[in-house]
Amino acid sequence: MSDLHSPYGGLDSGEHLPGSRGEHVLQRLFDTGDKAKRFYDRQVVDHLTDEMREFLTRQEMAFVGTADAAGNCDTTFRAGPPGFVRVLGDRTLIYPEFRGNGVLASLGNIMENAHVSLLFVDFFEDLVGLHVNGSATITTSYDAERRYGLVDEDRTAPGRRAERWVTVEVEEAYIHCSKHIPRFSKQDRRERGPAGRKPAGEEYFGVPQLRAAGSEPHRPGREGAGERTG
(Lines give C-alpha, C1' and ligand atoms only; values in the text may rest on other atoms or scores of the structure.)
Protein backbone atom coordinates (compact mmCIF):
# COMPACT_ATOMS: atom_id res chain seq x y z
CA MET A 1 0.00 0.00 0.00
CA SER A 2 1.28 3.44 -0.85
CA ASP A 3 1.55 6.36 1.54
CA LEU A 4 -1.76 8.24 1.50
CA HIS A 5 -0.53 11.04 3.75
CA SER A 6 -1.75 14.37 2.38
CA PRO A 7 0.70 17.27 2.14
CA TYR A 8 -2.12 19.50 3.34
CA GLY A 9 -2.74 17.80 6.67
CA GLY A 10 -2.46 19.92 9.78
CA LEU A 11 -2.76 23.25 7.98
CA ASP A 12 -5.58 25.40 9.30
CA SER A 13 -5.33 28.44 7.04
CA GLY A 14 -7.59 28.24 3.99
CA GLU A 15 -4.92 29.73 1.77
CA HIS A 16 -2.78 26.62 2.29
CA LEU A 17 -5.55 24.12 1.57
CA PRO A 18 -6.37 22.54 -1.79
CA GLY A 19 -9.10 24.07 -3.89
CA SER A 20 -10.20 27.62 -4.57
CA ARG A 21 -10.66 30.60 -2.30
CA GLY A 22 -14.33 30.51 -3.31
CA GLU A 23 -14.89 27.01 -1.98
CA HIS A 24 -13.20 27.93 1.30
CA VAL A 25 -15.45 30.98 1.65
CA LEU A 26 -18.52 28.82 1.07
CA GLN A 27 -17.28 26.20 3.52
CA ARG A 28 -17.22 28.87 6.21
CA LEU A 29 -20.58 30.26 5.11
CA PHE A 30 -22.30 26.88 5.15
CA ASP A 31 -20.33 25.52 8.10
CA THR A 32 -18.78 22.61 6.20
CA GLY A 33 -15.15 23.53 6.87
CA ASP A 34 -14.43 20.66 9.26
CA LYS A 35 -15.96 18.12 6.88
CA ALA A 36 -14.06 19.58 3.93
CA LYS A 37 -10.78 19.55 5.83
CA ARG A 38 -11.25 15.88 6.70
CA PHE A 39 -11.66 15.20 2.99
CA TYR A 40 -8.56 17.23 2.10
CA ASP A 41 -6.52 15.46 4.77
CA ARG A 42 -7.73 11.95 3.96
CA GLN A 43 -8.22 11.99 0.20
CA VAL A 44 -6.35 14.77 -1.63
CA VAL A 45 -2.75 14.09 -2.66
CA ASP A 46 -0.34 15.83 -5.00
CA HIS A 47 0.61 12.66 -6.92
CA LEU A 48 -0.84 9.40 -8.18
CA THR A 49 -0.83 6.65 -5.59
CA ASP A 50 -0.11 3.06 -6.61
CA GLU A 51 -3.84 2.35 -6.44
CA MET A 52 -4.65 5.34 -8.66
CA ARG A 53 -2.07 4.26 -11.21
CA GLU A 54 -3.51 0.75 -11.33
CA PHE A 55 -7.02 2.20 -11.66
CA LEU A 56 -5.96 4.25 -14.68
CA THR A 57 -4.60 1.19 -16.48
CA ARG A 58 -8.18 -0.17 -16.57
CA GLN A 59 -10.01 2.97 -17.70
CA GLU A 60 -11.54 3.30 -21.16
CA MET A 61 -12.88 6.85 -20.92
CA ALA A 62 -12.13 10.25 -19.47
CA PHE A 63 -13.85 13.62 -19.24
CA VAL A 64 -11.45 16.49 -19.94
CA GLY A 65 -12.11 20.02 -18.67
CA THR A 66 -10.20 23.04 -20.00
CA ALA A 67 -10.64 26.82 -20.08
CA ASP A 68 -9.22 29.59 -22.23
CA ALA A 69 -7.38 32.66 -20.96
CA ALA A 70 -10.68 34.43 -20.25
CA GLY A 71 -12.07 31.50 -18.24
CA ASN A 72 -14.51 30.23 -20.89
CA CYS A 73 -14.80 26.49 -20.33
CA ASP A 74 -15.07 23.37 -22.45
CA THR A 75 -15.60 19.82 -21.29
CA THR A 76 -15.01 16.98 -23.71
CA PHE A 77 -15.00 13.20 -23.74
CA ARG A 78 -12.09 10.94 -24.61
CA ALA A 79 -12.15 7.14 -24.98
CA GLY A 80 -9.96 4.25 -26.04
CA PRO A 81 -8.88 0.76 -25.01
CA PRO A 82 -8.09 0.16 -21.32
CA GLY A 83 -5.05 2.18 -20.39
CA PHE A 84 -5.25 4.55 -23.37
CA VAL A 85 -4.31 7.24 -20.85
CA ARG A 86 -0.74 6.23 -20.05
CA VAL A 87 0.81 6.69 -16.62
CA LEU A 88 4.41 7.86 -16.97
CA GLY A 89 5.08 8.16 -13.25
CA ASP A 90 3.44 9.14 -10.01
CA ARG A 91 3.28 12.78 -11.13
CA THR A 92 2.86 12.49 -14.90
CA LEU A 93 0.35 11.01 -17.33
CA ILE A 94 -0.25 11.42 -21.05
CA TYR A 95 -3.27 10.89 -23.29
CA PRO A 96 -3.62 10.71 -27.09
CA GLU A 97 -5.41 13.17 -29.36
CA PHE A 98 -6.96 11.68 -32.50
CA ARG A 99 -8.33 13.25 -35.66
CA GLY A 100 -11.63 15.03 -34.91
CA ASN A 101 -13.71 17.81 -36.41
CA GLY A 102 -10.76 20.16 -36.71
CA VAL A 103 -11.95 22.68 -34.11
CA LEU A 104 -9.26 21.70 -31.54
CA ALA A 105 -11.11 23.50 -28.74
CA SER A 106 -9.41 21.69 -25.85
CA LEU A 107 -5.94 22.03 -27.32
CA GLY A 108 -6.64 25.67 -28.12
CA ASN A 109 -7.58 26.27 -24.49
CA ILE A 110 -4.41 24.55 -23.32
CA MET A 111 -2.40 26.87 -25.55
CA GLU A 112 -3.84 29.80 -23.56
CA ASN A 113 -4.29 28.21 -20.15
CA ALA A 114 -2.38 25.11 -19.10
CA HIS A 115 -4.76 24.15 -16.27
CA VAL A 116 -6.61 20.92 -17.05
CA SER A 117 -9.00 18.70 -15.12
CA LEU A 118 -9.49 15.00 -15.86
CA LEU A 119 -12.32 12.89 -14.46
CA PHE A 120 -12.22 9.10 -14.80
CA VAL A 121 -15.33 7.15 -13.79
CA ASP A 122 -15.60 3.38 -13.55
CA PHE A 123 -19.25 2.76 -14.43
CA PHE A 124 -18.82 -1.00 -14.85
CA GLU A 125 -17.03 -2.59 -11.90
CA ASP A 126 -16.03 -0.56 -8.85
CA LEU A 127 -18.43 2.40 -9.38
CA VAL A 128 -15.86 4.95 -8.30
CA GLY A 129 -14.18 7.96 -9.89
CA LEU A 130 -10.81 9.68 -9.87
CA HIS A 131 -10.16 13.41 -10.31
CA VAL A 132 -6.75 14.44 -11.63
CA ASN A 133 -5.92 18.14 -11.91
CA GLY A 134 -2.70 19.52 -13.27
CA SER A 135 -0.77 21.44 -15.88
CA ALA A 136 -0.98 20.31 -19.51
CA THR A 137 1.48 20.48 -22.39
CA ILE A 138 0.80 19.58 -26.02
CA THR A 139 3.29 16.95 -27.18
CA THR A 140 3.95 15.98 -30.79
CA SER A 141 3.87 12.34 -31.85
CA TYR A 142 7.58 12.60 -32.61
CA ASP A 143 8.40 13.82 -29.09
CA ALA A 144 6.09 11.25 -27.52
CA GLU A 145 7.97 8.51 -29.34
CA ARG A 146 11.40 9.98 -28.67
CA ARG A 147 10.85 10.73 -24.98
CA TYR A 148 8.40 8.05 -23.88
CA GLY A 149 8.53 5.34 -26.54
CA LEU A 150 4.84 5.73 -27.43
CA VAL A 151 4.83 3.97 -30.77
CA ASP A 152 2.31 1.16 -30.22
CA GLU A 153 -0.59 2.76 -32.09
CA ASP A 154 -2.77 -0.36 -32.04
CA ARG A 155 -2.64 -0.43 -28.26
CA THR A 156 -3.62 3.22 -28.13
CA ALA A 157 -6.70 2.69 -30.31
CA PRO A 158 -6.87 0.00 -33.00
CA GLY A 159 -7.03 1.54 -36.44
CA ARG A 160 -6.50 5.08 -35.16
CA ARG A 161 -3.31 7.09 -35.13
CA ALA A 162 -2.54 9.53 -32.34
CA GLU A 163 -1.80 12.82 -34.10
CA ARG A 164 -0.46 14.36 -30.90
CA TRP A 165 -0.47 13.77 -27.14
CA VAL A 166 -1.24 15.84 -24.06
CA THR A 167 1.15 15.48 -21.14
CA VAL A 168 -0.29 16.32 -17.71
CA GLU A 169 1.87 17.11 -14.70
CA VAL A 170 -0.25 16.10 -11.72
CA GLU A 171 -0.92 18.74 -9.06
CA GLU A 172 -3.71 17.06 -7.15
CA ALA A 173 -5.64 13.81 -7.30
CA TYR A 174 -8.63 12.65 -5.27
CA ILE A 175 -11.54 10.24 -5.23
CA HIS A 176 -15.02 10.76 -6.63
CA CYS A 177 -17.13 8.61 -4.33
CA SER A 178 -19.45 5.91 -5.62
CA LYS A 179 -22.66 7.55 -4.43
CA HIS A 180 -25.06 8.07 -7.36
CA ILE A 181 -22.68 6.57 -9.96
CA PRO A 182 -24.90 4.27 -12.11
CA ARG A 183 -23.79 0.81 -13.16
CA PHE A 184 -23.51 0.41 -16.92
CA SER A 185 -23.22 -2.69 -19.08
CA LYS A 186 -21.04 -2.86 -22.19
CA GLN A 187 -22.52 -3.49 -25.62
CA ASP A 188 -21.05 -3.50 -29.10
CA ARG A 189 -21.74 0.02 -30.40
CA ARG A 190 -22.17 -1.41 -33.91
CA GLU A 191 -25.27 -3.30 -32.83
CA ARG A 192 -28.64 -1.62 -33.11
CA GLY A 193 -30.22 -0.70 -29.82
CA PRO A 194 -33.90 -0.80 -28.79
CA ALA A 195 -36.32 -0.50 -31.70
CA GLY A 196 -33.44 -0.84 -34.16
CA ARG A 197 -31.92 2.54 -33.32
CA LYS A 198 -28.52 3.38 -34.74
CA PRO A 199 -25.90 5.41 -32.85
CA ALA A 200 -26.71 9.10 -33.04
CA GLY A 201 -25.31 11.10 -35.96
CA GLU A 202 -24.49 14.76 -36.47
CA GLU A 203 -28.13 15.58 -37.25
CA TYR A 204 -29.30 14.39 -33.83
CA PHE A 205 -29.88 17.85 -32.32
CA GLY A 206 -31.31 19.33 -35.50
CA VAL A 207 -28.76 22.11 -35.99
CA PRO A 208 -27.71 21.19 -39.57
CA GLN A 209 -31.36 20.95 -40.61
CA LEU A 210 -32.16 24.38 -39.17
CA ARG A 211 -29.16 25.95 -40.86
CA ALA A 212 -29.94 24.31 -44.18
CA ALA A 213 -33.54 25.51 -44.03
CA GLY A 214 -32.45 29.03 -43.14
CA SER A 215 -34.92 29.06 -40.27
CA GLU A 216 -32.34 30.02 -37.68
CA PRO A 217 -29.69 32.72 -38.04
CA HIS A 218 -26.11 31.59 -37.58
CA ARG A 219 -24.92 32.67 -34.15
CA PRO A 220 -21.22 31.90 -33.76
CA GLY A 221 -19.87 31.01 -30.37
CA ARG A 222 -17.43 33.06 -28.39
CA GLU A 223 -15.13 35.12 -30.58
CA GLY A 224 -16.71 33.65 -33.72
CA ALA A 225 -15.79 30.10 -32.86
CA GLY A 226 -18.99 28.54 -34.23
CA GLU A 227 -19.70 24.91 -33.30
CA ARG A 228 -17.09 23.60 -30.92
CA THR A 229 -16.02 20.29 -29.58
CA GLY A 230 -12.88 18.40 -28.76
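Observations on the model:
- Filtered by the rule that a residue be open to solvent by 40 Å² or more (accessible area, probe 1.4 Å) and either over 15 Å from residue 118 (Cβ atoms) or assigned to a strand (DSSP E or B) (or both), region 59-78 gives 63, 69, 70, 71, 72, 73, 75, 77.
- The set of residues in region 163-187 that are modelled with pLDDT under 90 and open to solvent by less than 60 Å² (accessible area, probe 1.4 Å) contains only 163.
- If you filter region 93-133 down to residues that are of a type in the set (Gly, Ala, Ser) and surrounded by fewer than 16 Cβ atoms within 10 Å (Cβ to Cβ), you find that the one that is modelled with the highest pLDDT is 114.
Per-residue answers, yes or no, for (1) among the aliphatic types (A, V, I, L, M); (2) assigned to a loop (DSSP other than H, G, I, E, B); (3) free of Cβ contacts under 8 Å to residues at least 60 places away in the same chain:
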site: 81; (1), (2), (3): no, yes, no
site: 110; (1), (2), (3): yes, no, yes
site: 132; (1), (2), (3): yes, no, no
site: 135; (1), (2), (3): no, no, yes
site: 171; (1), (2), (3): no, no, no
site: 174; (1), (2), (3): no, no, no
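- Filtered by the rule that a residue be within 18 Å of residue 172 (Cβ to Cβ) and either open to solvent by 30 Å² or more (accessible area, probe 1.4 Å) or part of a loop (DSSP other than H, G, I, E, B) (or both), region 83-92 gives 85, 87, 88, 90, 91.
The values are calculated or read from the model by the stated rules, or taken from the named source; none is laboratory data. What you are looking at is a predicted structure, and each value in this text was computed from that prediction instead of being measured. Methodologically, a virtual Cβ is constructed for each residue, glycine included, from the backbone with ideal geometry; neighbour enumeration extends over all protein chains shown. The area values use the complete protein model at the heavy-atom level, side chains included, leaving out ligands, DNA and RNA. Shrake-Rupley method; radii C 1.70, N 1.55, O 1.52, S 1.80 Å.
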